[in-house]
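Structure record follows, encoded as structure tokens.
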Amino acid sequence: MQQNSQQQGGRALQGKRVAILMTDGVEQVEYTGPRSFLEEQGAQVTLVSPKQSGDEIQGFNHMDLGDKFKVEMNVRDARPADFDALVLPGGVANPDQLRLSTEAITFIREFGRENKPIAAICHGPWTLIDADLVTGKRVTSWPTLQLDLQNAGAQWTDEQVVVDGKLVTSRKPDDIPAFNQAILSELAH
Amino acid sequence: MEQVEEAGKPLQGKRVAMLMTDGVEQIEYTSPRAYLEERGATVVLLSPKNAGEEVQGFNHLQPADKFKVEMNVRDANPADFDGLVLPGGVANPDQLRLSKEAIDFIRGFEVEEKLVGAICHGPWTLIDAGIATAKHLTSWPSLKRDLTNAGAEWTDEEVVVDARLVTSRKPADLPAFNDALAKELMVAEGTDPGPTS
């Protein structure tokens, strides 16, 4: 798979469409890191949110305010059928708000139903509980969510990236290189 | 409520710990503190941070005031307090969950059957402390699933009191939350809440 992507000059994901679902409070490097990596590989990435298209999302660098990012599609207008994969960045306030959006949780659940890759990092895996996608799955996350994921039926391990079926999870910004490579492997299949 | 006002300082001699760290929703700290202090209680700001260090408060997603830590939680003993209050602000309990000292401290109040009050995202750490199981409680609605999965019975009410556990959902519930905290603290002493006390 890695050989393939190199042979294709880093355009292994040409024609692939990836949704990144997030809202205010996102840990911004967990958005910008995967987005630039996937775009370099040729994928088309869309920022999807419960906010309106054109509204801005407030990014954070840990506890400090970071940059703002323009929403490209309201999640209620987004169809999982139009995407090949879903990425869920962290930043604790971000999934905390997504959990209260029925449209966001339904969107995530649909990717699971269609057996499409879902990649979640840091606090991103929190919404997988609401989408009923973690039961019986091996996952990792920011360690604060360990107990909640276990109580939801997941098998939680402390690794930089865990792949179980089409579910890719990582713990923190330091894991982004491994996280990106795992998404690439899932999408390039 | 009327008795509280008539008595003036009904919480005189009561010691209440407030446990929190960076990211606290600051009104959920300042409001219960002011309410309890007005009624005579002594309130101590505890944190996994060191005494003298500052905790960064937030108004929702906006960084707001800073509050000086009065005691590191590792130096605090539940036996020295009559109650514990856990404010919210999602980033605050998220960090407390990784502090073994903080979680052990919270658990100590359950063990000693003392008041534990938690509002908004504050109840999140009750899962780690093993307090949520089989309890009737409320919280910010984003935690409903996690609290339910941990064995709690979650309901959408401004304040829920189950045994010595007092929980509320959000800043708008603070008046009801504060009132319930004061009532529980008076019960703790065996004080009859009636006018003869």
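A few notes on this one:
- Search result, residues across region A:111-132 that are charged (D, E, K, R), more than 9 Å from chain B (Cβ to nearest Cβ) and out of contact with any strand residue (DSSP E or B) (no Cβ under 9 Å at 6 or more places or on another chain): A:R113, A:E114, A:D132
- Summed over region B:92-115, the residues that are surrounded by 23 or more Cβ atoms within 10 Å (Cβ to Cβ) and among the basic types (K, R) give a count of 0.
- Of all residues making up region A:146-189, the number that are assigned to a loop (DSSP other than H, G, I, E, B) and at pLDDT below 95: 1
- Set A:V134, A:V168, A:V161, A:V139: member being over 21 Å from A:N74 (Cβ atoms), surrounded by fewer than 22 Cβ atoms within 10 Å (Cβ to Cβ) and of a type in the set (A, V, I, L, M): A:V161
- Residue check for B:P63: touching a helix residue (DSSP H, G or I) at 6+ places or on another chain (Cβ under 6 Å) and farther than 20 Å from B:A150 by Cα: no
- Those residues of region B:153-167 which are among the acidic types (D, E) and under 24 Å from B:V111 (Cβ atoms), in sequence order: B:E153, B:D162
- Residue in region B:18-39 that is nearest to the other protein chains (Cβ to nearest Cβ), counting only those that are of a type in the set (V, I, T) and in contact with a Leu (Cβ under 8 Å, 6 or more places away or on another chain): B:T21
- Residue match in region A:45-52 (condition: more than 14 Å from chain B (Cβ to nearest Cβ) and of a type in the set (D, E, K, R)): no
- Those helices (runs of 4 or more DSSP H) lying entirely in region B:108-197 with at least 2 residues at pLDDT 95 or above and within 13 Å of chain A (Cβ to nearest Cβ): B:124-128, B:144-149
- Scanning region A:142-158 for residues that are surrounded by 17 or more Cβ atoms within 10 Å (Cβ to Cβ), within 26 Å of A:H189 (Cα to Cα) and not aromatic (F, W, Y) yields one hit, A:A154.
- Filtered by the rule that a residue be touching a Gly at 6+ places or on another chain (Cβ under 6 Å) and buried (at least 24 other Cβ atoms within 10 Å of the Cβ), region B:116-159 gives B:I119, B:C120, B:H121, B:G122.
- Some residue of region A:34-50 being among the small types (G, A, S) and free of Cβ contacts under 8 Å to residues at least 12 places away in the same chain: yes
- Pair list, Cβ < 6 Å and 6+ apart or interchain, from region A:120-148 residues that are of a type in the set (K, R) to residues that are assigned to a loop (DSSP other than H, G, I, E, B): A:K137/A:A154
- Residue match in region B:76-91 (condition: away from chain A (no Cβ under 14 Å), surrounded by 20 or more Cβ atoms within 10 Å (Cβ to Cβ), part of a loop (DSSP other than H, G, I, E, B) and of a type in the set (D, E, K, R)): yes
- Filtered residues of region A:155-185 (kept if within 14 Å of chain B (Cβ to nearest Cβ) and free of Cβ contacts under 8 Å to residues at least 24 places away in the same chain): A:W156, A:D158
- Among the residues making up region A:138-154, those that are within 12 Å of chain B (Cβ to nearest Cβ) and farther than 19 Å from B:G151 by Cα are A:S141, A:W142, A:P143.
- A:T135, sole failed condition from (1) within 28 Å of B:N59 (Cα to Cα); (2) within 11 Å of another protein chain (Cβ to nearest Cβ): (1)
- Pick from region A:81-95, criterion more than 14 Å from chain B (Cβ to nearest Cβ) and touching a residue at least 40 places away in the same chain (Cβ under 8 Å), ranking: farthest from A:P173 (Cα to Cα): A:D82
- At least 3 residues being aliphatic (A, V, I, L, M) is the threshold, and among the helices (runs of 4 or more DSSP H) wholly inside region A:32-145 those reaching it are A:102-113.
The values are calculated or read from the model by the stated rules, or taken from the named source; none is laboratory data. Since the structure is predicted, the reported quantities are computational estimates derived from the model, not experimental observations. So basically every Cβ, Gly included, is an ideal-geometry build from the backbone, and we count neighbours across all protein chains shown.
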